[in-house]
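Note sheet for the following structure.
The values are calculated or read from the model by the stated rules, or taken from the named source; none is laboratory data. Nothing here was measured: the structure is a model prediction, and the numbers come from that model. For neighbour counting, all protein chains shown are included, and Cβ atoms are generated from backbone atoms with ideal geometry for every residue, glycine included. The accessibility values were calculated without ligands, DNA or RNA, using every heavy atom of the protein model including side chains. Shrake-Rupley method; radii C 1.70, N 1.55, O 1.52, S 1.80 Å.
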Amino acid sequence: MKVYAYAHLLCLTALENTDSDIGLCGWILVIFSILLTLLTLPLSIWMCIKIVKEYERAIIFRLGRILRGGAKGPGLFFILPCTDSFINVDMRTITFDIPPQEVLTKDSVTVSVDGVVYYRVQNATLAVANITNADAATRLLAQTTLRNVLGTKNLAEILSDREEIAHSMQSTLDDATDDWGIKVERVEIKDVKLPQQLQRAMAAEAEATREARAKVIAAEGEMNASRALKEASLVIAESPSALQLRYLQTLNTIAAEKNSTIIFPLPIDMIHVKQPTHTHTYIHTDASMQ
């Protein structure tokens with residue numbers, strides 16, 4: 001009874017999925033295949049039952065035509081041994097590297113750029129029926145798209161706007177591969193290689209820029225220091241005792257550093273009593289530290 005039930009199910013499945021445009025000869029071949037399958041039961045079961053995995057889909061061709069209903073799977077499905085053939089399509093995400101491409105940028109600089117592309121088959125029927133090899137076509141299209149996109153950018157944009165370039169490539173590839181049943185999920189720029197002479201020129205330019213910036217900063221520091229010294233001199237001129245306090249602070253610093261040179265200020269009025277103004281002269285003595 002199980003064999004007859006299986007045969008009945010096989011006949012119904014075969015007749016329902018068969019395209020009505022196969023013609024009279026096609027129907028004769030389908031019916032002959034069904035009869036041959038029934039006559040060879042249960043040996044023909046192993047030729048009629050096929051299994052596809054969770055990440056695969058099967059495209060069944062009957063007399064060269066894709067069966068109604070599109071891709072089959074995952075799980076079990078039935079085929080007729082004499083008239084049917086099928087192709088398994090992997091639905092997982094596939095990655096591939098874009099080989100380094102020599103690109104002439106918008107500002108006439110030659111750079112070598114490579115990348116990586118992530119894509120998957122979104123429609124198994126289109127991937128089988130509309131293109132011979134979807135994987136090879138996607139790889140070649142990615143190389144040409146990388147050249148075309150980078151050819152419209154200058155060197156500074158390539159070095160700074162990698163995310164924008166990758167997004168532009170993804171949109172272009174996704175639109176171009178939509179008729180193939182391919183979904184481009186992600187595009188990344190891996191490396192941008194510059195000529196050695198250009199690298200040395202850019203390094204020299206960056207070094208010169210840093211030196212110029214350092215000189216400007218040093219000049220600004222000198223200007224601020226001179227302003228601070230001017231303000232300090234004005235404060236000291238207003239208060240004579242401030243000069244003595246500064247002298248004591250200087251002596252404290254010299255003593256902390258264990259220096260052998262000590263400077264003693266001597267009022268000049270001790271030598272010239274008649275001089276009205278009290279100016280200071282400095283006598284420099286060296287005391288040897290024992």
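Here are the numbers for this structure:
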{"read-out": "Test result for H278, open to solvent by 90 Å² or more (accessible area, probe 1.4 Å), touching a helix residue (DSSP H, G or I) at 6+ places or on another chain (Cβ under 7 Å) and either at pLDDT 75 or above or not in a strand (DSSP E or B) (or both)", "value": "yes"}
{"read-out": "Selection status of I182, open to solvent by less than 70 Å² (accessible area, probe 1.4 Å) and either in the same structural domain as V103 (by the TED database) or closer than 30 Å to V121 by Cα (or both)", "value": "yes"}
{"read-out": "Matching residues, segment 46-77, being out of contact with any Ser or Thr (no Cβ under 9 Å at 6 or more places or on another chain), touching a residue at least 24 places away in the same chain (Cβ under 8 Å) and over 30 Å from T93 (Cα atoms)", "value": "none"}
{"read-out": "Residues of segment 124-152 classified as under 29 Å from F86 (Cβ atoms), without any contact (Cβ under 8 Å) to a residue 12 or more places away in the chain and in a helix (DSSP H, G or I), total", "value": "2"}
{"read-out": "In segment 107-123, the residues that are outside any strand (DSSP E or B) and open to solvent by less than 40 Å² (accessible area, probe 1.4 Å)", "value": "V109"}
{"read-out": "Selected residue (only one of A225, A142 is of a type outside the set (S, T, Y) and either farther than 20 Å from P100 by Cβ or exposed (fewer than 13 other Cβ atoms within 10 Å of the Cβ) (or both))", "value": "A225"}
{"read-out": "Qualifying residue in segment 189-200 (condition: in a helix (DSSP H, G or I) and surrounded by 12 or more Cβ atoms within 10 Å (Cβ to Cβ))", "value": "yes"}
{"read-out": "Where L198 falls short, out of the listed (1) over 30 Å from Q143 (Cβ atoms); (2) at pLDDT below 85; (3) aliphatic (A, V, I, L, M)", "value": "(1)"}
{"read-out": "Matching option when the condition is at negative phi, at pLDDT below 85 and acidic (D, E), among E222, E164, E207", "value": "E207"}
